[in-house]
1. Mind giving me the FRET efficiency for R183 and A234? R0 is 22 Å, r the Cβ-Cβ distance, nearest 0.05 is fine.
2. For region 199-264, with only Lys/Arg (+1) and Asp/Glu (-1) charged at the beta-carbon, what is the dipole magnitude about the Cα centre, in debye rounded to 20?
3. Which length gain, in nm to one decimal place, applies between T136 and N175 when the Cα-Cα distance is subtracted from 0.36 nm times their residue separation?
4. Take each of the peptides 245-253, 107-115, 178-186, 143-151, average the number of other beta-carbon atoms within 10 Å over its residues, and list them starting from the highest.
5. Out of Y115, A84, L100, whose Cα points farthest toward the positive end of the dipole of region 74-119 (charges: +1 Lys, Arg; -1 Asp, Glu; placed on Cβ)?
6. Between R145 and D70, what is the label-point separation in nm under the 7 Å Cα-to-beta-carbon projection?
7. Which order do the peptides 203-210, 163-170 take when ranked by the mean count of other beta-carbon atoms within 10 Å per residue, highest first?
8. Computing the accessible area with a 1.4 Å probe over protein heavy atoms, can you report the carbon and sulfur percentage for region 137-220?
Amino acid sequence: MAAVTSLSFSAIGQSPDRKAFNASSSSARCLSSTSDAFRFRTNFAFDSLNFRTSSSGSGSRMVVHCMSTDVPTVSETKTNFLRAYKRPIPSVYSTVLQELIVQQHLMRYKKSYQYDPVFALGFVTVYDRLMEGYPTEEDKEAIFRAYIKALNEEPEQYRADAQKLEEWARAQDGNSLVDFSSREGEVESILKDISERAGSKDSFRYSRFFAIGLFRLLELSNATDPTILEKLCAALNVNKQSVDRDLDVYRNLLSKLVQAKELLKEYVAREKKKRGERESQKSNEAVTKCLGQYESVAR
């Protein structure tokens with residue numbers, strides 16, 4: 001729909017294979033002023049590395065998986081997604097997903113790509129927030145699986161790692177969150193590994209999904225003290241200025257997306273009302289016609 005296509009990121013258009021909504025030009029004008037905030041493009045560029053790791057055993061060490069040399073194109077990844085999920089996706093969601101999958105494809109197939117659970121938590125957080133209000137939870141999860149599988153990764157691993165970190169963070173406070181290096185545990189080992197890799201600069205590449213993963217840990221641990229983020233970044237050997245910048249982009253994106261969804265809701269309500277009025281008018285006309293015919297026969 002026009003109200004939503006104004007959110008479309010210039011690099012990505014609505015797929016011709018998908019049926020988009022159509023909205024009024026007034027809604028389009030209202031949304032056009034907010035479209036810049038939705039442009040992930042280079043602002044949401046996902047820096048990355050080209051290995052893939054997974055936890056081994058209790059999660060105390062990381063196992064490196066070499067990537068295939070047969071790298072798919074962006075077009076192939078998008079096609080895989082559309083084949084895996086064939087139902088139409090409303091444009092307010094589709095335009096964001098199309099942009100995300102292109103950016104994540106470019107990150108995923110860099111030579112130095114390395115998966116980690118904090119990154120997974122960040123992506124899952126972004127996805128769930130962006131897809132809030134989707135018509136059905138079943139479709140929302142089916143889209144998630146199609147998206148991750150199109151990138152040749154495991155949706156179950158993303159969900160499991162995100163849940164593991166969320167459960168751990170809920171049991172923490174600001175101080176224990178930062179003090180992970182002095183304790184033993186599966187999540188603590190994951191964070192220690194990240195800290196070591198980030199400190200060496202050899203096998204860690206920062207990304208915005210990672211920053212959002214950190215932000216989610218702070219949210220769940222109720223760490224409201226602004227210094228906690230600074231201490232956590234220092235413990236993980238991550239640049240706090242980069243994290244602050246990327247979290248600002250993320251918050252702005254969510255704010256603008258809420259506005260777009262509200263416009264979508266208003267548009268759907270207006271169309272539903274118009275449709276009801278048209279049907280009511282047709283019914284009245286039909287009744288009037290029948291009465292006229294009855295009166296004619298009666299004479």
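The values are calculated or read from the model by the stated rules, or taken from the named source; none is laboratory data. From a predicted model like this one, the values you see are computed outputs, not experimental measurements. All Cβ positions, even for glycine, are placed from backbone atoms using ideal geometry, and neighbour counts span all protein chains on display. Note: accessible area is taken over every heavy atom of the protein model, side chains too, but ligands, DNA and RNA are not part of it. Shrake-Rupley method; radii C 1.70, N 1.55, O 1.52, S 1.80 Å.
1. Details: r = 17 Å, r/R0 = 0.78.
So, using R0 = 22 Å, E works out to roughly 0.80.
2. Working: 10 positive and 8 negative charges, 39 e Å.
With only Lys, Arg, Asp and Glu charged at Cβ, the dipole is about 180 debye.
3. Working: separation 39, 0.36 × 39 = 14.04 nm, distance 3.85 nm.
Taking T136 through N175 to full extension adds about 10.2 nm, to one decimal.
4. On the way: 245-253: 16.3, 107-115: 18.2, 178-186: 14.4, 143-151: 20.0.
In decreasing order of mean packing, 245-253, 107-115, 178-186, 143-151 become 143-151, 107-115, 245-253, 178-186.
5. It is A84.
6. For D70 paired with R145, the spin-label model returns 2.4 nm.
7. Values: 203-210: 22.9, 163-170: 17.1.
Descending mean neighbour count gives 203-210, 163-170.
8. Details: 1520 of 3600 Å².
The computed percentage sits at 42.
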